[in-house]
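Student: To start, I am sharing the structure in question, which I have written as structure tokens.
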Amino acid sequence: MISIIVAMDEQNGIGKNNKLLTHLPNDLKWFKKLTTNHTVIMGRKTYESLPNGALPNRKNIVLSRTLKSLPDAIVVNSFEQVKKLLDEQEENFVIGGAQIYRLFLPLAQMLYITKIHHVFNADTYFPQIDFSKWELIKKIFNPSDEKNKYAHTFLIYKRKK
Ligand SMILES: NC(=O)c1ccc[n+]([C@@H]2O[C@H](COP(=O)([O-])OP(=O)(O)OC[C@H]3O[C@@H](n4cnc5c(N)ncnc54)[C@H](OP(=O)(O)O)[C@@H]3O)[C@@H](O)[C@H]2O)c1
């Protein structure tokens, strides 16, 4: 199964200058809890944006047409090749960025969206979602606090049958 996990602002913004829009420790904890011990799939730019390289305790797959290999991740050079590597019985998380979300959105069965209740000056956006195809199964509102500057909501959607 393919799942998408993303943190976006009120206008679907996801990044700026190859970085995340903000630092929300509560969202990073949520991301870690959901993805640990699973496969994560990302684009080369997102891989390069990670402060310490591949994410620990996860099988990291990086899509790139320019890289041949990486010391800490599996590099694949086409969408078809990634699909062959995935175990359909497992939950495989697509973790961005925009190019990779666009490739996988039509195949995803689950969407884990962290909606950040703010509008940033983003330069990278999540593609439009046709919500008529998705059923909201969980909604958890998190107010801002001393560690998390912006209020945000964890939303879990399942693709309708
Ligand atoms: N808010 C969030 O949840 C979140 C999550 C992840 C990322 N982000 C943000 O998103 C931004 C990066 O997104 P992005 O769209 O610019 O880059 P990206 O999707 O991370 O990576 C794009 C790269 O992936 C490779 N690629 C794309 N399609 C491919 C295909 N069909 N086959 C093989 N390789 C392919 C190419 O690498 P080569 O150029 O090497 O060929 C391409 O340059 C950053 O600002 C990052 O912080 C936000």
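FYI, it's all coordinate maths here, none of it is from the lab. Note that this is a predicted model, so its numbers are computed, not measured. Cβ coordinates were reconstructed from backbone atoms using ideal geometry, including for glycine residues, and neighbour counts include every protein chain displayed.
Student: Could you tell me whether residue 96 is closer than 17 Å to residue 20 by Cβ, within 16 Å of the ligand (Cβ to nearest atom) and surrounded by fewer than 17 Cβ atoms within 10 Å (Cβ to Cβ)?
Tutor: So residue 96 fails the test.
Student: Out of 50, 21, 67, I need the residue that is closer than 30 Å to residue 146 by Cβ and free of Cβ contacts under 8 Å to residues at least 24 places away in the same chain. Which one?
Tutor: 50
Student: Name the residues in region 23-76 that are in a loop (DSSP other than H, G, I, E, B) and of a type in the set (Gly, Ala, Ser), would you?
Tutor: The initial filter retains those residues of region 23-76 that are in a loop (DSSP other than H, G, I, E, B), namely 23-24, 36-38, 50-58, 64-73.
Scanning region 23-76 gives 53, 54, 64, 69, 73.
Student: While we're on this one: For region 47-56, how many residues are surrounded by fewer than 16 Cβ atoms within 10 Å (Cβ to Cβ) and under 14 Å from the mean Cα position of the chain (by Cα)?
Tutor: Residues in region 47-56 being surrounded by fewer than 16 Cβ atoms within 10 Å (Cβ to Cβ) and under 14 Å from the mean Cα position of the chain (by Cα): 1 in total.
Student: Right, something else. Of the conditions (1) closer than 13 Å to residue 2 by Cβ; (2) in contact with a strand residue (DSSP E or B) (Cβ under 6 Å, 6 or more places away or on another chain); (3) not basic (Lys, Arg), residue 85 clears all except one; give me its number.
Tutor: Evaluating residue 85 over (1) closer than 13 Å to residue 2 by Cβ; (2) in contact with a strand residue (DSSP E or B) (Cβ under 6 Å, 6 or more places away or on another chain); (3) not basic (Lys, Arg) leaves (2) as the failure.
Student: Tell me which residues, restricted to region 139-161, are more than 24 Å from residue 100 (Cβ to Cβ) and of a type in the set (D, E, K, R).
Tutor: Hits for region 139-161 are 139, 145, 146, 147, 149, 161.
Quick grid of which residues meet (1) among the polar types (S, T, N, Q); (2) exposed (fewer than 12 other Cβ atoms within 10 Å of the Cβ); (3) more than 14 Å from the ligand (Cβ to nearest atom):
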position: 32; (1), (2), (3): no, no, no
position: 45; (1), (2), (3): no, no, no
position: 59; (1), (2), (3): no, no, yes
position: 67; (1), (2), (3): no, no, no
position: 72; (1), (2), (3): no, no, yes
position: 84; (1), (2), (3): no, yes, no
position: 87; (1), (2), (3): no, yes, yes
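Student: Kindly indicate whether residue 80 is closer than 24 Å to residue 122 by Cα, near the ligand (Cβ under 10 Å from one of its atoms), of a type in the set (Asp, Glu) and surrounded by fewer than 18 Cβ atoms within 10 Å (Cβ to Cβ).
Tutor: Criteria not met by residue 80.
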